[in-house]
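Some notes on the structure that comes next.
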Amino acid sequence: MSGSTDERGAEFVDYSLSLSMNYPLAVKAAGGLPWLLPCQPDREWVVAGVRRCDGVLLTGGDDIDPKLYTRNLPARVARTVHRARPERDSFELMLIEEALHQRKPLLCICRGHQILNVALGGTLFADILLQIPRALNHCRTDRKDQVVHEVECAAGSMIARIAGKTRLSVNSSHHQAVARLAKPLQATAVSPDGIIEAMEWAPEARSRRPFMLSVQFHPERLFARHPEHLELFRTFISGCRRRR
């Protein structure tokens, strides 16, 4: 798993790793053994870490540097961006590249969903409310552990099979979203306002790529009460087992 960083951690207020315990608990509940790879963009470290794991989970956190996907961000939009440390952006781009090179399964959540799209050549809306005026309020951090809207899942998609139907209730705690979709990806779930809520490989890319599921919502905050969100993690762990 990737994680966030904390400028002042618990031990001697050092610069530290930071990750919600919901992620490892969800992986454990699905039958996996979670471990965290530190946010250091060191090529040898990343190659070795990916080699030793059965799959890679990209987690949520602060915003991706807009310079990685646009040169023309309006100043009022730029002011809404809460950038992660640049080391995390570099590390996760390296992690995605290496996971694909080694054909390791990928599960991408929230920020992970967005940086996967950026890594493969797509772009983001840096602030939904400013750039999509009629959009829903997707930044419902007041209800981060509760479902707040439904998404429409494409028939026959992995996310529809996980949900057991073509509608899935999700939480929503993000202010950015996928804009232009990267070429090897296809949107497989959208919210009522058209925001891309899940991505999978496009049909022409599937045969050359490892297992991958990418979601904008936070299933790790819902899995204990909503079986379909636990099934999402079980599907990822099953993909990891097949890879072994």
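The values are calculated or read from the model by the stated rules, or taken from the named source; none is laboratory data. Because the structure is a prediction, the values reported are computed rather than measured. Heads up, the Cβs are rebuilt from the backbone with ideal geometry, glycines too, and the neighbour counts pull from every protein chain shown. To get the accessible areas, we keep the full protein, side chains included, count just its heavy atoms, and leave off ligands, DNA and RNA. Shrake-Rupley method; radii C 1.70, N 1.55, O 1.52, S 1.80 Å.
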Note on the chain, DSSP bridge orientation, antiparallel percent to nearest 5 equals 70
So, for the Cα atoms of the chain, Rg and Dmax in Å stand at 16.9, 51
Residues other than F223 with Cβ under 15 Å of its Cβ, Lys/Arg counted +1 and Asp/Glu -1, net out at +1
Expected field for F223, accessible surface area in Å² at 1.4 Å probe radius, rounded to 10, holds 40
Protection proxy (average C-beta count within 10 Å per residue), highest first, orders 41-49, 113-121 as 113-121, 41-49
Amide H neighbours of R209 at under 5 Å, excluding residues fewer than 5 places away on the same chain, with H built from the backbone geometry, are none
At the level of C-alpha centres, the distance separating segment 166-216 and segment 24-84, in angstrom, is 17
Between L124 and residues 5 or more places away or on another chain, the pairs with built amide H atoms under 5 Å apart involve A179, R180
A correct Karplus calculation of ³J(HN,Hα) over segment 181-189, with 6.51 cos²θ - 1.76 cosθ + 1.60, θ = phi - 60°, whole Hz and x for Gly and Pro, returns 6, 5, 4, x, 10, 9, 6, 10, 8
Extension length gain for V190 and R225 (0.36 nm per residue less Cα distance), in nm, is 10.4 nm
A154 and D42 label points (each 7 Å along its Cα→Cβ direction) are spaced in nm at 4.0
Whole-Hz Karplus couplings 3J(HN,Hα) for segment 148-159, θ = phi - 60° and coefficients 6.51, -1.76, 1.60, Gly and Pro as x, run 10, 7, 9, 10, 9, 9, 5, 4, x, 7, 4, 5
Here the Cα Rg-to-2.2 N^0.38 Å ratio for segment 10-128 is 1.12
For A189, the residues 5 or more places away or on another chain with a placed amide H closer than 5 Å to its own amide H are A154, E197, A198
